[in-house]
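Beneath this line is the structure, given in structure tokens, with notes to follow.
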Amino acid sequence: MDYPKTAVPTNIFTERGSNIVVINPGSANIRIGLAQHDTPFNIPHCISRRTSQLPKRNAQDQMLNSQVTTAQHMERERAYDIVASLLRIPFLDEEVANSSYPRKMGRVDAYSPQNNMKEPVFTWTDVFEKNVPHSSTTEDVPSEGDTSESPTLKESKIKVEPNSSERKYREYICGEEALRISPTEPYCLRRPIRRGHLNVSQYYPTQQVLEDLHTIWEWILVEKLHISHRERSMYSAILVIPETFDNREIKEMLSIVLRDLRFGSAVVHQEGLAAVFGNGLSTACIVNMGAQVTSVICVEDGVVLPTTQISLRFGGEDISRCLLWTQRHHQTWPPIRTDALSKPVDLLMLNRLKESYCQIKEGEVEAVAMVHSYEDGMQPGSHKTRLTALNVPPMGLFYPMLLVPDVYPPPPRSWFNDYDDMLEDTWHMDFPGGGAYPMWESYPVFQTKPKKEDIIGLAEAITKSILLTGRIELQRKLFCSMQLIGGAASIYGLIPAVEERVLHAIPSHEAIDTVEVLQSRTNPAFVSWKGGAILGILDISREAWIHREDWIKNGIHIGSGRKYKDSCYLQAQAMCYLNS
């Protein structure tokens with residue numbers, strides 16, 4: 001419908017966003033919510049399933065390289081000393097005798113008064129199903145899936161449950177509850193996305209990964225958004241996909257949304273493009289700092305430039321692990337067994353400490369914080385600890401060897417050989433009216449989707465991405481329109497650090513002397529999600545949307561001569577065109 005010029009934007013969002021679900025999946029968290037909402041649910045992207053074997057946490061992640069080699073350790077120490085000289089703090093090999101207080105392991109008596117507030121008591125997740133209090137409750141409020149069950153089965157459930165002394169384990173647990181399950185319980189934690197890709201390995205088969213994705217998303221839709229399976233066809237879904245995903249991964253997610261979750265229609269947008277719309281821009285260099293991947297890509301006038309994409313294999317979780325290494329090296333960490341890789345609840349704690357205390361500034365940055373211990377078979381403990389060198393871990397964004405970035409090896413790339421590719425050779429086709437499609441004239445032709453993964457620092461990646469545009473006018477505009485998004489973008493002092501280091505990373509022969517990072521108008525972690533909501537609501541024609549029946553019946557070959565292509569090349573969104 002045509003809205004008058006006097007239409008209030010909030011009214012448009014309320015009317016058109018009530019049946020649009022925006023899904024922004026990430027390696028560590030998934031952001032999902034209705035387009036009309038201001039902020040999405042931000043939920044850990046993981047699931048714990050009950051297992052009959054002995055408890056083995058992270059069994060699906062056995063390929064994790066938890067051992068740091070001697071060479072990596074030496075490189076990390078060298079990187080620390082480089083950072084220490086920049087921040088004007090003591091080097092690693094300097095004795096702490098000159099320090100104002102003894103650095104020793106254990107608890108610290110002094111504690112800042114502003115932090116004296118009592119923290120909530122930690123409790124492990126209840127892994128047992130809640131018993132139904134009486135039969136009338138079960139009869140009056142049936143669950144959504146009860147329509148397929150016979151009355152006899154329902155009756156047997158009612159009779160057995162209240163009177164049974166045997167408690168029943170929950171088959172699966174999603175979100176933060178899955179991270180807080182005691183290691184003594186018979187559950188196995190799974191993370192379906194790792195380092196910006198589906199977490200496929202010999203220990204985690206493709207079908208299990210896709211089934212876990214479906215289960216997590218279904219649980220969020222029912223439990224958080226209260227959208228039942230029965231009414232799902234009346235909703236549309238927007239997939240805001242990170243640039244790191246390959247074509248087959250995107251198609252598998254579309255199949256989950258349209259075939260399994262039963263949305264009526266769906267569309268795919270890239271995170272980079274959505275971030276531009278989320279902050280009301282048209283041209284920018286988007287720096288997306290997630291939990292496990294940092295990606296850089298440039299957008300010009302609402303069009304993603306695929307040749308500028310660079311992916312870096314580190315993110316916020318690597319900074320958290322570096323925080324733990326730094327404290328242990330300085331002997332300030334309590335004598336507790338903290339393991340960010342095998343104990344998910346420890347990673348939660350380290351992420352909280354990083355968000356609260358890590359910052360980038362010169363001089364020694366210290367704080368007294370509460371550190372928790374979660375030992376097997378013991379009650380959680382609390383330790384008041386003085387943390388030091390809190391400005392070193394965030395500098396790992398610029399010196400990645402400080403983070404030891406290859407803790408998570410990449411998935412087997414052979415799985416992503418897509419013989420039914422969304423990027424078929426169509427750029428030389430004739431279109432109605434003659435000639436090639438004009439948008440391709442300024443783009444080079446690639447055999448596969450470009451995926452650059454470099455072990456370089458953030459400043460070098462930003463500079464390299466912008467210079468790949470090849471036009472000085474656009475380069476100057478992009479260097480003054482950098483946008484930091486993602487959870488790690490909230491680190492205090494990061495913006496001036498990026499500006500200073502990008503300016504020094506620009507080659508001297510380039511005629512560029514000004515750089516600027518634009519302030520985000522909303523929470524940096526939710527910018528891409530918000531931009532996806534805006535794109536969905538403003539897309540009045542909906543010509544690019546994929547309908548459920550068409551997708552199930554024909555896959556990427558849709559309807560009468562219509563074909564959907566990958567979002568990276570067709571103006572950075574999943575679009576369709578006539579194929580004559």
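The values are calculated or read from the model by the stated rules, or taken from the named source; none is laboratory data. A quick note: this is a predicted structure, and the numbers were derived from the prediction, not measured. Glycine also receives a Cβ, built like all others from the backbone with ideal geometry; neighbour counts cover every protein chain displayed. Quick note on the areas: whole protein, heavy atoms, side chains included, nothing else; ligands and nucleic acids left out. Shrake-Rupley method; radii C 1.70, N 1.55, O 1.52, S 1.80 Å.
For residue 547, the accessible area of its heavy atoms, probed at 1.4 Å with every protein chain present, is near 80 square angstrom.
Note on surface exposure: 197, 37, 226 rank 226, 37, 197 by accessible area, highest first, 1.4 Å probe. Extension gain, residue 184-residue 480: 0.36 nm per intervening residue step, less the Cα-Cα distance, totals 101.3 nm. Quick one: in the range 195-350, what % of C-alpha pairs are over 26 Å apart? In whole percent, the long-distance tail amounts to 45.
Taking trypsin sites (Lys or Arg not before Pro) across the range 164-236, the ones in a DSSP loop with at most 11 further Cβ atoms lying within 10 angstrom of their Cβ are 167, 230. Mean projected area of the Cα convex hull of the range 216-293, taken over all directions, amounts to 6.4 nm². In this calculation the C-beta distance from residue 172 to residue 283 is compared with R0 = 30 Å, giving a FRET efficiency of 0.10.
Take the Cα of residue 376, go 7 Å toward its beta carbon, and the backbone nitrogen atoms of the range 180-207 under 11 Å from that spot belong to 183-185. Radius of gyration (Cα atoms) of the range 189-245, expressed as a multiple of 2.2 N^0.38 Å: 1.31.
Let's test the formula: R0 of 45 Å, r as the Cβ-Cβ distance of residue 124 and residue 511. What FRET efficiency results, to the nearest 0.05? That gives a FRET efficiency of 0.15. Once the Cα-Cα distance is subtracted from the 0.36 nm per residue extended length, the residue 518 to residue 336 segment shows a gain of 61.4 nm. FRET efficiency for the pair residue 352 and residue 554, taken as 1/(1 + (r/R0)^6) with r the Cβ-Cβ distance and R0 = 45 Å, rounds to 0.45.
Summarising the label geometry, the points placed 7 Å from Cα in the beta-carbon direction at residue 72 and residue 329 lie 1.5 nm from one another. Which shape class, rounded, prolate or oblate, goes with the range 262-318 when its Cα gyration tensor gives a ≥ b ≥ c as root eigenvalues, a/c under 1.5 marks rounded, and past that a/b bigger than b/c marks prolate? Because a/c hits 1.5 or more and a/b fails to exceed b/c, the range 262-318 counts as oblate. Computed from label points 7 Å out along Cα-Cβ, the spacing between residue 229 and residue 81 is 6.1 nm.
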